[in-house]
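> Sharing a structure, written as structure tokens. Questions coming.
Read-outs: derived from the displayed coordinates by stated rules, not from any lab. Everything numeric here is computed off the predicted structure, so don't read it as measured data. Positions of Cβ are generated from backbone atoms using ideal geometry, with glycine treated the same way; all protein chains shown enter the neighbour counts.
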Amino acid sequence: MLSFLASVVLAQAVPNPPMPREIVIPQQTRSLPGGLDQVPVFNSNNPEVVKTEGILLSTFPPQGKRVPGAHLDYPLRGRFDLFSHHIARAIETPDDLRSLYLGVIVYNPGSEPVMVDVLQTASYLSQPDAEFIALPAQLDNALGTVYAGPGDRVMNDVLRGKRQAGWVDRLIIPPKQSRMLMNLPIPVRPLKPPLNGRSTLARLYSNGTVYMANLAMFAKENPDGSERAPTLEEWEALLETGDFAGPREKAPSPPDRPTGAEIYGRVAAIAQGSQWRTQVTDPDSRLLAIPPRGQAYSYGLSTLLAGKMGTGQNQSATLLTRYPGTAYEAHGNYGIEYDLTLPLSNNTEAPQTVQVKIQTPLKEDTLSKEGLRFRQPPYTSVFFRGTVRIRYNDDRGLPQTRYWHLVQRRGQLGEPLATLTMPPGDRRLVQVSFLYPPDATPPQMLTIQTLSTSP
């Protein structure tokens, strides 16, 4: 599910690769305990490539609108998220290099002012903010300066609790009025090719009911020929009279008839679930026993229809409302935070060396072999590109917080996020956290492995 932008910009070939071979790691795959929370997510990703102005996603009531079907009539209140991931492309129209603006408009239908707090947010362009560059499979990212692609950089910021400069910390909306939460361009001039994208994630809290819409409009022209951003009044006019932005993406495959070659579709909907926070333990236990020596087990991450990896678990966020012709689920869980605590326990009578990894095996639904399938070397296509935080006490008992930037290709085994030497009876709390980034392709697996050699 790589974006068009990533596939165009990131044609990364491996020179003179060795002959590939498939590797099967015999092990158990497990469903992830817990589940997504109840926080609504305004999920705007259809169409991904926007060529015509219009409405990308609107929760406004349809009454009085020129195109009622473009409005989902879903009020928002309390905690909710905004996720937006769109691309401007002028390859077919090189004479028209106007910037495409994305405008998020918020309306207060009530009789009292409403305050919308911007708790965390980040929005980046692929050029120049976060270009798709080739990076090693695993790099220390303590300073947060390692990223490739705007979705990667956005998730990196929000994982660290940041609110990007330039955003208001609170939007105050008078009764029966609208305000702009976001009014940002996707410029394509003078890029070669004229192609650019913007990813945005915002965590919000409203003390009253609001309606929200994400709209696309080309830049307006000043008398001197320079560009200007659309005004609030121009956005309001587009909301009232506009049709869907286009072109719309290909319709998804029916979810009740999976074939293994699904068209998942792009999401334009209100999804349910912003975080998956859980303790990963054995059944009826507060602890998670490490695998026997030389063995491993894996938990699914962002498993989905036809990609449950033998776990039987589809983690895709359900949709509270959606447009016809768009995705049936928020597959990929873009922008969703996984916050997983592993209370590891060495129940054996010998010291054990344990590694914690994230891996990208070959996608399957029911496993065709007794374990996960990998490929060496992995395929060239990048399936995961993002930062993972791991917290644990090291072998000296000292607390560690490490940020690792991962680039994993299809079929990649992955490198350890942490290696622990655990004496008999030792217990070690390990916390793994990340936000699933756009331009990634699910699923991945969180693997706990006990090495076959003694420490």
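> Can you compute 3J(HN,Hα) from phi for each residue in segment 435-445, using the Karplus curve 6.51 cos²θ - 1.76 cosθ + 1.60 with θ = phi - 60°, rounded to whole Hz and x for Gly and Pro?
9, 5, x, x, 6, 10, 10, x, x, 10, 10
> Name the residue farthest towards the positive end of the dipole of the chain from the options GLN138, LEU125, PRO18, assuming +1 on Cβ of Lys and Arg, -1 on Cβ of Asp and Glu, about the Cα centre.
PRO18
> Could you work out the longest stretch of the chain that avoids the GluC sites (Glu not before Pro) located in DSSP loops with at most 12 other Cβ atoms within 10 Å?
The longest uninterrupted stretch comes out as 93-348.
> Can you tell me the dipole magnitude for the chain around its Cα centre, using point charges on the Cβ only (Lys, Arg +1; Asp, Glu -1), in Debye to the nearest 20?
Magnitude of the dipole: close to 660 debye.
> How do THR353, THR145 rank when sorted from fewest to most other Cβ atoms within 10 Å of their own Cβ?
THR145, THR353
> Taking amide hydrogens as modeled 1.01 Å from N in the peptide plane, which residues meet the under 5 Å criterion relative to PHE218, leaving out close sequence neighbours?
TYR101
> Still on this model: Please report, in Å, the Rg and the Dmax of segment 52-165, where both are computed over Cα atoms only.
Using the Cα atoms of segment 52-165, the pair Rg, Dmax is 18.2, 55 Å.
> Can you give the log10 of the normalised intensity I(q)/I(0) at q = 0.06, 0.11 Å⁻¹, computed with Debye over equal Cα scatterers of the chain?
Listed by q, the Debye log ratios stand at -0.27, -0.88.
> Among the aspartates and glutamates, which fall within straight-line cross-link reach of LYS369, defined as a Cα-Cα distance under 16 Å, with same-chain neighbours fewer than 8 residues apart omitted?
List returned: GLU22.
> For segment 363-455, what relative contact order do you get, as a whole percent, if you take Cα pairs closer than 8 Å and at least 6 residues apart?
Once divided by the residue count of segment 363-455, the mean separation gives 33 percent.
> Can you give the relative contact order of segment 40-241 as a percent, counting alpha carbon pairs under 8 Å and 6+ residues apart?
38 percent
> Quick one: helix 150-159 against the long Cα principal axis of the chain, what's the angle to the nearest 10°, folded into 0 to 90?
70 degrees
> Sticking with this structure for a sec: For ASP169 and ASP394 in the same chain, what is the full-extension length gain: residue separation times 0.36 nm, less their Cα-Cα distance, in nm? Display every interim value, and only then the final one.
Working: separation 225, 0.36 × 225 = 81.00 nm, distance 3.77 nm.
Between ASP169 and ASP394, full extension yields 77.2 nm more.
> Also, quick follow-up: Grab the beta carbon distance between LEU287 and SER381, set R0 = 45 Å, and tell me the FRET efficiency rounded to 0.05.
It comes to 0.75.
> May I pose another question? Once phi is turned into ³J(HN,Hα) by the Karplus curve 6.51 cos²θ - 1.76 cosθ + 1.60 with θ = phi - 60°, what whole-Hz value does each residue of segment 336-352 show in order, with x for glycine and proline?
Karplus values, whole Hz, x for Gly and Pro: 7, 8, 9, 10, 10, 10, 10, x, 5, 9, 8, 8, 8, 9, 9, x, 9.
> Going down the list LYS51/LYS220; LYS162/LYS357; LYS51/LYS192; LYS220/LYS250; LYS65/LYS176, which pairs span over 19 Å between their C-alpha atoms?
LYS162/LYS357; LYS220/LYS250
> How far apart, in nm, are two points set 7 Å out from the Cα along the Cα-to-Cβ line at ALA137 and at SER226?
4.9 nm
> Further question: Compute, for segment 99-222, the length of the dipole vector about the Cα centre, with Cβ point charges of +1 (Lys, Arg) and -1 (Asp, Glu) only. Units Debye, rounded to 20.
Computed charge dipole of segment 99-222: roughly 220 debye.
> Another question about this same structure. Which far-off residues, 5 or more places away or on another chain, put their amide H under 5 Å from the one on ASN183, with H placed in the peptide plane?
Here the answer is VAL104, since their amide H atoms fall under 5 Å of that of ASN183.
> In sequence order, what are the phi-derived ³J(HN,Hα) couplings for segment 162-172 according to the Karplus relation 6.51 cos²θ - 1.76 cosθ + 1.60 with θ = phi - 60°, rounded to whole Hz, with x for glycine and proline?
For segment 162-172, the Karplus-derived couplings read 7, 10, 4, 4, x, 9, 5, 7, 8, 9, 9 Hz, x marking Gly and Pro.
> Quick check on segment 40-241: take the gyration tensor over C-alpha atoms, sort the square-rooted eigenvalues as a ≥ b ≥ c, and tell me if it's rounded (a/c under 1.5), prolate or oblate.
Because a/c hits 1.5 or more and a/b fails to exceed b/c, segment 40-241 counts as oblate.
> Just want to confirm a number: the relative contact order over the chain, from Cα pairs under 8 angstrom separated by 6+ residues, in percent. Don't jump to the answer; show the numbers that get you there.
On the way: 1278 pairs, mean separation 108.0, N = 455.
Reported relative contact order: 24 percent.
> About the Cα centre, and with charges only on the beta carbon of Lys, Arg (+1) and Asp, Glu (-1), how big is the dipole of segment 350-430? Nearest 20 debye, please. Spell out each step's value before the answer.
On the way: 14 positive and 7 negative charges, 58 e Å.
For segment 350-430, the charge dipole is close to 280 debye.
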